[in-house]
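The next block holds one structure in the form of structure tokens; read it before the comments.
The values are calculated or read from the model by the stated rules, or taken from the named source; none is laboratory data. These numbers were taken from a predicted model, which means no experiment stands behind them. Here the Cβ positions follow ideal geometry from the backbone for every residue, glycine too, while neighbour counts run over all protein chains shown. Side chains are part of the model used for accessible areas, which takes the heavy atoms of the whole protein and leaves out ligands, DNA and RNA. Shrake-Rupley method; radii C 1.70, N 1.55, O 1.52, S 1.80 Å.
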Amino acid sequence: MCGQESKRQYNLSRTRGVMKEFSDVYEQQYPVALFNSVRFEIEGGGGTQSQLLHRKDPLAGRSIFSGSLFQYLEENRKWRNRFVSVPNSYIISLYDSKAAHERGLHPKVSINCAGYKALTSMEEYMELINSSLPDTKGKAGSNPFIKCATQFPLILWHPYARHHYFCVMTEKEQKKWHAVLQDCIRHSNNGLPEDCTVQTPAFTDAVRLYRQAKGHYGTWDMMCGTPTQILANLVMETLDPELKNTIGPRLKGKIQQRQRNWMLISDAVYRQVLSQTSGQYQALVEACEAQRAPLDARLRTDMDQIITSKEHVSSKIRALVLPKAEQLLRNNVQPYINSILDALMEPTSRGFSEVRDVFFRELVEISKNSINGGGKEKLGDHMERLSMLAFHPVKMQSCYEKVEQLNLEGLQQRFSVSSTSVFVNRAQILMGEQMDNAVYTFEQILNQSLEAKGESDLCKTIQRCQDRVLKKYDYDSSTVRKKFFREALLQIIIPYMLQHLSPSCSPLPRFKELIFEDFSRFLLVENVFEEVVLQSVTKDIMMAVKEAAVQRRHNLYRDSIILSNSDPNLNLLGETSPVDWTTKFGGDEPEGSFCGGMAEGGSGKKRRQVVSMIQLDGVPLPYESCLEVPGVELIPEEDTDVSDGKKEDLGKDEEPLPPEPRSPDSVDEIRDLINPVVEVVLPVSKENQSDVANGMKPVTGTITMEDGVQEQITHVTTMVDDVPRKSPQDKMSPQTILQQLVGSKKQEAEKEHQEEAAIKNAIEEIEIAVQEDDRERIAEVAKSDLESSPPPAKDSSSHLNGEEKIIDPVDVEVILA
């Protein structure tokens, strides 16, 4: 007990020490950040005007994802079925069941994914585990300390915090859940709000300067999450190696047991550090904010004198640093700028191009609906689905995968770049933002056109709006990418130059004498030195990006092309509220077809809230399929074929997956690992249909692994586009594509009309025969017409005795009787 308390005190003292050093740096950077913010407010800043509109809060009242999978519980070493809900905060919530989620109960587990990695193989996981703990002499292929219930695991790995283990039944399901987890990680890592123009830059500069003082230059993978999480990672960066050296050699048992024990220790320490940094950082921010008002007043009074003093100090530092910086830039940096830029541009441009293609395919689907006479209700359905396209993890996955191929090869080691994940994550966030801007702009333009011209010739209206938005997207995409390339080059080159210039610039402290004492809190020599280095390399970076745009290799606009105020009326649309397509075109929806709260404006119609869902095909009830989540029928993600009453999840040009072999050994293994009995609601059989119809609750019971778990899990994914694809050089226009589809659609409509006419005639003859009590005539009509005709659609009906009734062979038998 005394040993545990001493270790706890040691951890607390180390945390206090790191936080004390960081607090000193933060208190110095806060007035500097305030000075820069006030100066920008007074002087203003230029910049290219965005052509697309920006939605302020696109996820208000929305849930991102929901579904069911299996989770490994370390307490009893069993696998349990969990209902997963991902709200708009991207914090994963795990519940015992969907019913528990709907009742508003607290989740069993909540996972903030900042700093995590999503893995899909035990081999990859074991490599990270073996490298995390020293003196573990296990082989690369050694058995893990957990046994996965299936061949398709999903693991959330963190260098310090607790790991989370999940599994699914099929590879396709694994890929879709992996996309969901990656989306949660992506948005959780992007945790610092940009609208905090003082706290955010003060915090990021303080973290960077603190790490540079410790000799850590370059990007940092754990600069992710909230400020409290980042500070906990900062403490663990120092504390974790110390714990490994002191505790690691004392761990006993087999390698799997030592790995498990170390993970438990690391998680306990991390939670302790996280709790302490949270309270200390909050106190630090409150103390700095309390001084903001007097500092702001002094800045606005003496701004001109402070700027003049800064320019004077900058000129002195520039005379000392610039010759050395130019030599370093000329010999060690300039030869590699184009190589770095090419490595960044290729995958990033492919990703933004894929965003455009995904957006285009969704608009083609809407145009096809208008040609096929889908009506207002169908248009509202399509537009509701389109409005959340940027936040659909599976549909956007093809875009994100393009930029994940980013590789700096040998340049990473030269410029102290630990990994490319920082740039990949930033590019993916920008891609999602551009997609949402394009969608939101299309919504506003289309709504304006419909209000002005009505719904006549809807297809041409959609095409005109589409062309306008795609042109704006191309321009904004070029602008965003060029800015991303410049920032990425600065993040790679500036730390390298600072690391090599700092030792030769030791006379810097003497320049403090040139700063008036009243201005010393707003002007720091270290910050001025970094600005001088930044200015020395900015010209070369701007020139490299400009030359890349002139070459047109990656569809970038030249800087001379500026579309300012090209569409002034569009800016007025950005000030209006988002369009509620469900209320505008949705019509009357069936009870239970929507989820959650009411639509904006108090119209009384509910809106779909779940962006995407993972469902189980074939065995919906045992897994509490997301098909039962209200609103799923409004969110199809793939076209599905219905055969023999069962849906099969098919991708584009993809054959149905054969059922996986079930060997007795694998079944026994799964039975031992997963809870052998799961309480479920049994499917309704023919015998108890009448009871359910009379209001009785469905029968509950239990199933074994053989009954349900082996059934294939499927996921609703991106809708299949049946428009044939061509090469980028030979793309057909939307008008040509739609014209080609018109002929086949008309033929199908004529065929359906003939079949319906035959059915209608048969029904009329049966009604006449019934009235005349001509049983022979009834039998003859049923045999010659109904039995030879295809089954009628659900909307084919006849009015018998004033009631709408579907005619099928069962009805014929009743009539004949």
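Debye sum, Cα scatterers, region 327-386, no solvent: what log₁₀ I/I(0) at q = 0.16 1/Å? At q = 0.16 Å⁻¹ the computed log10 ratios are -0.65.
Computed 3J(HN,Hα) for region 161-168, one whole-Hz value per residue from the Karplus formula 6.51 cos²θ - 1.76 cosθ + 1.60 where θ = phi - 60°, is 7, 5, 8, 10, 10, 9, 7, 9, glycine and proline marked x.
Starting with the highest mean, order 125-131, 471-477 by the number of other Cβ atoms within 10 Å, averaged over the residues of each peptide.
Working: 125-131: 16.9, 471-477: 20.6.
With the highest mean Cβ count within 10 Å placed first, the list reads 471-477, 125-131.
For region 62-119, the convex hull spanned by the alpha carbon atoms encloses 100 Å³ per residue. From the largest down, region 273-399 spans 72, 48, 40 angstrom on the principal axes of its Cα atoms.
For the listed peptides 90-100, 25-35, a ranking on the average number of other beta carbons within 10 Å per residue, highest first, reads 25-35, 90-100.
Per the Debye formula on identical point scatterers at the alpha carbon atoms of region 359-518, with no solvent, log10 I(q)/I(0) at q = 0.20, 0.21 Å⁻¹ is -1.24, -1.31.
A 1.4 Å probe, protein heavy atoms only, puts the accessible area of CYS465 near 0 Å². Couplings for region 202-213, taken from phi via the Karplus curve 6.51 cos²θ - 1.76 cosθ + 1.60 with θ = phi - 60°, read 5, 5, 4, 5, 5, 4, 5, 5, 5, 5, 5, 5 Hz in order; Gly and Pro are left as x.
Pulled fully out, how much extra length does the chain show between VAL109 and LYS483, if you take 0.36 nm times their separation in residues and subtract their Cα-Cα distance?
130.7 nm
Residues whose amide H comes within less than 5 Å of that of ILE64, counting only those at least five positions distant or on another chain, are VAL86, ASN88, VAL611 (H built at 1.01 Å from N in the peptide plane).
Taking amide hydrogens as placed 1.01 Å from N in the peptide plane, the amide H of TRP220 sits under 5 Å from that of no residue at least 5 positions away in sequence or on another chain.
Applied to region 470-487, the Karplus parametrisation 6.51 cos²θ - 1.76 cosθ + 1.60 on θ = phi - 60° returns per-residue 3J(HN,Hα) values of 5, 5, 5, 4, 4, 5, 5, 4, 5, 5, 5, 5, 4, 5, 4, 5, 5, 5 Hz, with x for Gly and Pro. Computed packing ranks the peptides 247-255, 386-394, 81-89 as 386-394, 81-89, 247-255, most packed first, by mean other Cβ atoms within 10 Å.
Among the listed pairs LYS78/LYS108; LYS395/LYS453; LYS147/LYS175; LYS512/LYS539; LYS402/LYS483, a Cα-Cα separation exceeding 23 Å is found for LYS395/LYS453; LYS512/LYS539. Computed over the alpha-carbon atoms, region 196-296 gives an Rg to Rh ratio of 1.09, Rh here being the Kirkwood radius from the mean inverse distance.
Considering every alpha-carbon pair of region 267-314, the percent of pairs per 5 Å bin, from zero through the bin containing the longest distance, is 4, 17, 13, 11, 12, 11, 9, 8, 7, 5, 1.
Each part gets one Cα centre, and for region 435-511 versus region 328-371 those centres are 11 Å apart.
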